[in-house]
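Peer 1: Structure incoming, see below.
No lab work stands behind these numbers, since they all come straight from the coordinates. Quick caveat, the model's predicted, so the values are computed rather than measured. Every residue, glycine as well, gets a Cβ built from its backbone with ideal geometry; the counts of neighbours run over all protein chains shown.
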Amino acid sequence: MSDSHEELDLTLHVWRQPDRAAPGKMVAYKVTGVSTHASFLEMLDILNEQLVARGEEPVAFDHDCREGICGMCSLMINGRPHGGMRATTTCQLHMRFFKNGDEIWIEPWRAHAFPVIKDLCVDRTAFDKVISIGGFVSANCGSAPDANDLLVPKEAADRAMDAAACIGCGACVAACPNGSAMLFVAAKLSHLHHLPQGQPERLARTGAMVSAMDEAGFGACSNHYECEAACPKDISRDVIAELNRDYARSAFVHRERANKADGSG
Amino acid sequence: MDRTSSSSIPVAASGRSFVPDARIPGGPIEQKWAKAKFEMRLVNPANKRKYKVIVVGSGLAGGAAAATLAELGYDVACFCFQDSPRRAHSIAAQGGINAAKNYQNDGDSVHRLFYDTVKGGDFRAREANVHRLAEVSVDIIDQCAAMGVPFAREYGGTLANRSFGGAQVSRTFYARGQTGQQLLLGVYSALSRQIGAGKVRMFSRTEMLDVVVDNGRAVGIIVRDLVTGEISSHAAHAVVLATGGYGNVFFLSTNAKGCNVTSTYRAFKRGAGFANPCFTQIHPTCIPVSGDYQSKLTLMSESLRNDGRVWVPRKASDCKLHPDKIADEDRDYYLERKYPSFGNLSPRDIASRAAKEQCDDGRGVGPGGRGVYLDFRDAIARDGEDRVREKYGNLFDMYERITGENPYRVPMRIYPAVHYTMGGLWVDYHLQTTIPGLFCLGEANFSDHGANRLGASALMQGLADGYFIISYTLGHYLAGVASSSLTSSTAPAFADAERAVKQRLDRLMAVKGNRSVDSFHKELGQVLWEDCGMARTKGSLEHALTAIPKLREQFWRDVSILGGRDSFNQSLEKAGRVADFLEFAELMCKDALVREESCGGHYRVEHQVEGEAKRDDQNFCHVAVWEHTGDETPPARHTEPLAFENVKLATRSYK
Ligand SMILES: Cc1cc2nc3c(=O)[nH]c(=O)nc-3n(C[C@H](O)[C@H](O)[C@H](O)COP(=O)(O)OP(=O)(O)OC[C@H]3O[C@@H](n4cnc5c(N)ncnc54)[C@H](O)[C@@H]3O)c2cc1C
Ligand code: FES
């Protein structure tokens, strides 16, 4: 950041929708005097200040940490989740990547499982539902052995961490032509399944989470891998291959269990 | 003993009437927690599901509490304002979590962690609480590892550690630069498991706006559904607040944008004592402010200080030069110079003030001269760029994204920013506030960090409170309450509180003024940063105490909130929070004014010896506990005396 900075005047086309049920539309706004050092969300703050000054209702958008970790911010910017810059969330995107006079199209995530609540905010509770079905290790508080009793090879911990970096923002779903949550689900599974702690429930977890994903209204994965390109945390499509391997086995185990349960196995 | 300051703040002669006994168990410090646990009453397992517990907050403290209480069998409801419990502000913690495991065999122990925390807190924390925290720290790491938190590992598979601000042992556990995220995802997974099992009812995008107190006990809360705007009442046998810190009172801070004081301040207005509100922490390593559009400040984890060296040019005339052009002898590595034994790892308050001094002295760098260098040149030369990238890669990337500068080539520029609040609701050893049945955990309470928190100790405290303490102490409370005694959510106490909440929202909507909510919040932040920030004087605080009521009055006359009350309305959410900040800020400044000493993050310019903070143990070795006495009357200050029986009261020295 040098002392020097420019100011940008921009034309924004923003999705406005009063609530879940009402129809929405794109509305054009001029926003002026945006410093190139401002973040994209700070640019929207400036727009909102200008709207309030004119007595117009500000644009609703989700955000919280503004440093790329909470996963609360979203936005399709010029048709790309988080603006399409590699490994960058909307809140980390800075205006120095735009030019004076640019037109920018800003829309909410569009996916069957993520209905719009207002303007640019969507409902992502479908993600929470999927996690509540199996995205955990069943270890009650107080039952743990000494942490160093269970050795974890460094490579395994690193692989687990690569997948665990997911912030649950939903960019993968928004990017997918089918609205699938495959990368999100696979990342959670990959995190747990590279660790010894995740092994006892491995196949049951995989089966349960994949079914929950379908039930929550997410589409099927047909290997477009737009998700990988959109992920602000650089999560690799490899996790999907890991999921598919386990899923095949989980279906088998599931059948075996069902057979045993009804006495025929 | 208290002294009434020159301003007209009434000081109660004795704390006994308002501040209850802190219920610190007798016996040697090492045995207090074990003794307390044994003496606590238990709730029969079959009866636990008949008890309703409300947990407000889903961060490390609240999420862990909700999950653990549900595992035990209680009927739990959990609330958060974000769209998912996984997004609580704990997610943003970078550096790590402390625990007295002594895995590195470098001389750590429960006692040493206890000692460091009491001393680091500048002798303004309660010994018994801190010792318990150090004791349970080891269990936290076990629990998190069992839940699949991907902590950093050595090649042999054991857990890795690093040393962290203010500690001379390596006791900090971490997961790259995303420790808070990984710990919170662990908590969220445990919470999700209980939600899936139907044991926790989760209310996301729901904001608590009041605590309901009936017959002297907390019996529930009033909330607003942030999507529909609907106001509703929720009854419970006990209420647990774990709503985080109030650093955003300064507008610019490292906290997430939604962090607020509403839940604890509303509890204060219902009779909960607020302790040490002036104890706020300024973190030394944040990215400096770049312009007036700035909406938040980004922390650069202080783990960077393990390898980065802090300096400014020796001569003010060199400040505009490119750092490469400044020869070694013209650089002032001022922390190494002033504090030879701790150097770049000096505690936060000391490192922050030292940075301010250099900049006040005209030797700051970057825009407005408000920055100092954090330089990795020597670490890169010593260990290689790859090793540095492995340790700090994501932080370096974050820095570059924000500033457009590459810190592998050019030293980072950093400046202190508001980061953490040690003050909070007063709680006893059981984490109960002055209102029976109202408990407070995590950053929202005041209990463990005194006047300054050591790095990597907030995550530890949040999880200690949520996983290992509240499960015992809440059971003890509930065992004394009949499960049949649930106050109905249609009882008059709820109806009255609901009405008050609605009236307040209507009043906000009715102002229909001309200024945005943010503009008021920014102005408040500027007043506090100047007058009640890193250095405070009687004059500055008195200035703030005249400016804040004026600003508050303007706010209620001229704030503009568009949209409706009964729908999704982010301006209204913010307005409610800012209205509370505008009242709370005054309490903070009053507390700072009466505390005529310097300790930890509270630095009164009048009380120093050669630039080092001068504590006054004669007059201020106590917790200040504020009581709300009414909207038209000033709050009353009470005290809980602090006794140091295990760590000798001494002047903190890091030289
Ligand atoms: C950038 C940054 C880095 C940090 N790094 C470290 C570190 O490395 N090590 C360390 O130990 N500490 C660190 N800290 C401090 C630490 O992260 C926090 O102190 C800690 O996580 C607080 O946890 P908590 O559970 O008390 O609150 P939070 O995590 O803040 O959770 C608060 C919860 O309360 C809810 N809530 C708040 N108000 C309301 C309301 N009115 N109604 C309903 N719900 C509400 C929120 O939705 C949220 O769920 C860092 C802090 C910051 C800002
Ligand atoms: S606001 Fe938290 S990730 Fe963008």
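Peer 1: Could you pull out every residue, at least 5 positions away or on a different chain, whose amide H is within less than 5 Å of the one on B:Gln281? Hs are placed 1.01 Å off N in the peptide plane, and Pro or chain starts have none.
Peer 2: Hits under the 5 Å cutoff: B:His419, B:Tyr420, B:Thr421, B:Met422.
Peer 1: On to the next question. Kindly work out what percent of the DSSP beta bridges joining two residues of the protein assembly as shown are antiparallel, to the nearest 5.
Peer 2: 70 percent
Peer 1: Then there's this: With the contact rule set at Cα under 8 Å and sequence spacing of 6 or more, what percent relative contact order holds for chain A?
Peer 2: Result for chain A is 18 percent.
Peer 1: Using a ≥ b ≥ c from the Cα gyration tensor of the stretch B:372-429 (square roots of the eigenvalues), is it rounded, prolate or oblate, where a/c under 1.5 gives rounded and otherwise the larger of a/b and b/c decides, a/b for prolate?
Peer 2: Prolate is the answer for the stretch B:372-429, as a/c is 1.5 or above and a/b outweighs b/c.
Peer 1: Run lengths n ≥ 4 of DSSP H only: what is the helix-derived mean residue ellipticity at 222 nm for chain A, with -39500 (n - 2.57) per run over all residues, to the nearest 500?
Peer 2: -11000 deg cm²/dmol
Peer 1: Note down the Stokes-Einstein diffusion coefficient of chain B in µm²/s, whole number, using a Kirkwood radius over alpha carbon pairs, 10 °C, and 1.306 mPa s.
Peer 2: For these conditions, the coefficient is 63 µm²/s.
Peer 1: Please compute the Cα-Cα pair-distance distribution of the stretch B:80-206 with 10 Å bins starting at 0, giving whole percents from short to long.
Peer 2: 12, 36, 33, 17, 2
Peer 1: Right, here's the next one. Roughly how tilted is helix B:179-196, in degrees to the nearest 10 and between 0 and 90, from the longest Cα axis of chain B?
Peer 2: The angle comes out at about 20 degrees.
Peer 1: Using the alpha-carbon atoms, what tilt in degrees (0 to 90, nearest 10) does helix A:238-261 show relative to the longest principal axis of chain A?
Peer 2: Taking the Cα atoms of chain A, the angle to A:238-261 is about 40 degrees.
Peer 1: As a test of understanding, state the convex hull volume per residue of the stretch B:284-417 from its alpha carbons, in Å³. Please report the intermediate quantities before stating the final value.
Peer 2: Values: hull volume 14.2 nm³, N = 134.
Looking at the stretch B:284-417, the number lands at 106 Å³ per residue.
Peer 1: Could I ask something else about it? Say R0 is 22 Å: what FRET efficiency, to the nearest 0.05, do B:Thr537 and B:Asp324 get from their beta-carbon distance?
Peer 2: 0.05
Peer 1: Distances longer than 18 Å among the Cα atoms of the stretch B:468-562: what percent of all pairs is that?
Peer 2: Everything past 18 Å amounts to 68 percent.
Peer 1: Test of understanding: what is the full-extension gain from B:Glu645 to B:Lys35, defined as 0.36 nm times their sequence separation minus their Cα-Cα distance?
Peer 2: That pair, B:Glu645 and B:Lys35, stretches by 217.8 nm at full extension.
Peer 1: Share of Cα-Cα pairs in the protein assembly as shown beyond 53 Å, in percent? Can you show the working numbers first?
Peer 2: Numbers: 37995 of 422740 pairs.
Considering the protein assembly as shown, 9 percent of its Cα-Cα pairs are separated by more than 53 Å.
Peer 1: What residues of the stretch B:144-165 lie in the reach of a label at B:Asp386, counting those whose backbone N is under 19 Å from a point 7 Å from the Cα along Cα→Cβ?
Peer 2: Hits in the stretch B:144-165 for B:Asp386 at 19 Å: B:153-156.
Peer 1: A follow-up question, please. Excluding residues fewer than 8 places away in the same chain, name every one of the lysines whose C-alpha is closer than 24 Å to that of A:Lys154.
Peer 2: A:Lys188, A:Lys233, B:Lys101, B:Lys391
Peer 1: If you take every residue apart from B:His628 with its C-beta less than 14 Å away from the C-beta of B:His628, what net charge results, scoring Lys and Arg +1 and Asp and Glu -1?
Peer 2: Neighbourhood net charge equals -3.
Peer 1: Oh, and also: Where a Cα-Cα gap under 29 Å defines reach, which lysines qualify for B:Lys269, not counting those fewer than 8 residues away within the same chain?
Peer 2: B:Lys52, B:Lys257, B:Lys296, B:Lys502, B:Lys512, B:Lys522, B:Lys538, B:Lys550, B:Lys574, B:Lys590
Peer 1: Only residues of the stretch B:157-179 count here: report those whose backbone N is under 20 Å from the spot 7 Å along Cα→Cβ of A:Asp146, or say none.
Peer 2: B:157-162, B:170-174
Peer 1: Another one. For chain A, the longest stretch holding no trypsin sites (Lys or Arg not before Pro) located in a DSSP loop with at most 12 other Cβ atoms within 10 Å is which?
Peer 2: A:100-265
Peer 1: Please enumerate, by chain and number, the lysines with C-alpha under 21 Å from the C-alpha of B:Lys50, excluding those fewer than 8 residues away in the same chain.
Peer 2: Cα-Cα hits under 21 Å: B:Lys199.
Peer 1: What is the set of long-range amide H partners of A:Ile117 at a cut-off below 5 Å, with H atoms built 1.01 Å from backbone N?
Peer 2: When sequence neighbours closer than 5 places are left aside, the close amide H contacts are A:Val122, A:Asp123.
Peer 1: Given the Cα-Cα distance of B:Val481 and B:Ser109 and 0.36 nm per residue of separation, how much length would full extension add, in nm?
Peer 2: Answer, rounded to one decimal: 130.1 nm.
Peer 1: OK, next. Any chance you could tell me what percent of the C-alpha pair distances in the stretch B:345-502 go past 29 Å?
Peer 2: Here the tail beyond 29 Å accounts for 48 percent of pairs.
Peer 1: Still on this structure, please answer the following. Restrict the search to the stretch B:622-655; then list the chymotrypsin sites (Phe, Trp or Tyr not before Pro) that DSSP places in a loop and that have at most 16 other Cβ atoms within 10 Å of their Cβ.
Peer 2: Those that pass, being in a loop and sparsely packed, are B:Phe644.
Peer 1: Still on this structure: Taking each pair of distinct Cα atoms in chain A once, what is the resulting Kirkwood hydrodynamic radius in Å?
Peer 2: Mean inverse Cα-Cα distance, inverted, gives 20.4 Å.
Peer 1: Read phi for every residue in the stretch B:460-472 and hand back ³J(HN,Hα) as whole Hz from Karplus 6.51 cos²θ - 1.76 cosθ + 1.60, θ = phi - 60°, with x for Gly and Pro.
Peer 2: Per residue, the Karplus-derived 3J(HN,Hα) values read 4, 5, x, 6, 4, 4, x, 8, 10, 10, 5, 4, 7 Hz.
Peer 1: Hey, another quick one. Ordered by residue, what ³J(HN,Hα) values in Hz, to whole numbers, does the stretch B:54-71 give under the Karplus form 6.51 cos²θ - 1.76 cosθ + 1.60, where θ = phi - 60° and Gly and Pro are x?
Peer 2: In residue order, the calculated couplings are 9, 10, 9, x, 10, x, 4, 6, x, x, 5, 5, 4, 5, 5, 5, 5, 4 Hz.
Peer 1: A:Val27's amide H: which non-local residues (gap 5+, or another chain) put their own amide H closer than 5 Å, with H modeled 1.01 Å from N in plane and none for Pro or chain starts?
Peer 2: Amide H neighbours of A:Val27, under 5 Å, 5+ apart: A:Val14, A:Trp15, A:Arg16.
Peer 1: Running a GNM on chain A with Cα contacts under 10 Å, which residue among A:Ser143, A:Ser250, A:Ser35 ends up with the highest mean-square fluctuation?
Peer 2: So, out of A:Ser143, A:Ser250, A:Ser35, the one fluctuating most is A:Ser143.
Peer 1: What 222 nm value per residue comes from the helices of chain B, counting each DSSP H run with n ≥ 4 as -39,500 (n - 2.57) and dividing by all residues, nearest 500 deg cm²/dmol?
Peer 2: About -11000 deg cm²/dmol.
Peer 1: Using a simple charge model, +1 on the beta-carbon of Lys and Arg, -1 on the beta-carbon of Asp and Glu, nothing else, what dipole does the stretch A:7-118 show about its Cα centre, in debye to the nearest 20? Mind dumping the intermediate values first?
Peer 2: Numbers: 12 positive and 14 negative charges, 80 e Å.
Rounded to the nearest 20 debye, it is 380 debye.
Peer 1: Among B:Val200, A:Ala53, B:Ala417, whose Cα projects farthest towards the positive end of the dipole of the protein assembly as shown, with charges put on the beta-carbon of Lys, Arg (+1) and Asp, Glu (-1)?
Peer 2: B:Val200
Peer 1: How high is the relative contact order of chain B, in percent, counting Cα pairs under 8 Å that sit 6 or more residues apart?
Peer 2: About 21 percent, as a whole number.
Peer 1: Across the stretch A:126-133, in residue order, what do the Karplus-derived ³J(HN,Hα) couplings come to in whole Hz, using 6.51 cos²θ - 1.76 cosθ + 1.60 with θ = phi - 60° and x for Gly and Pro?
Peer 2: Karplus-based 3J(HN,Hα) across the stretch A:126-133 equals 4, 4, 4, 4, 4, 5, 5, 8 Hz.
Peer 1: Express as a percent, rounded to the nearest 5, the fraction of DSSP beta bridges in chain B (both residues included) that run antiparallel. Walk me through the intermediate numbers first.
Peer 2: Working: 45 of 65 bridges.
Within chain B, antiparallel bridges account for around 70 percent of the total.
Peer 1: Between beta-carbons, use under 11 Å as the cut-off and find the net charge around B:Ala458, counting Lys and Arg +1, Asp and Glu -1.
Peer 2: In short, -2.
Peer 1: In Å, what Kirkwood hydrodynamic radius results for the stretch A:125-262 from the alpha-carbon pair distances?
Peer 2: Taking every pair of different Cα atoms in the stretch A:125-262, averaging 1/r and inverting gives 15.6 Å.
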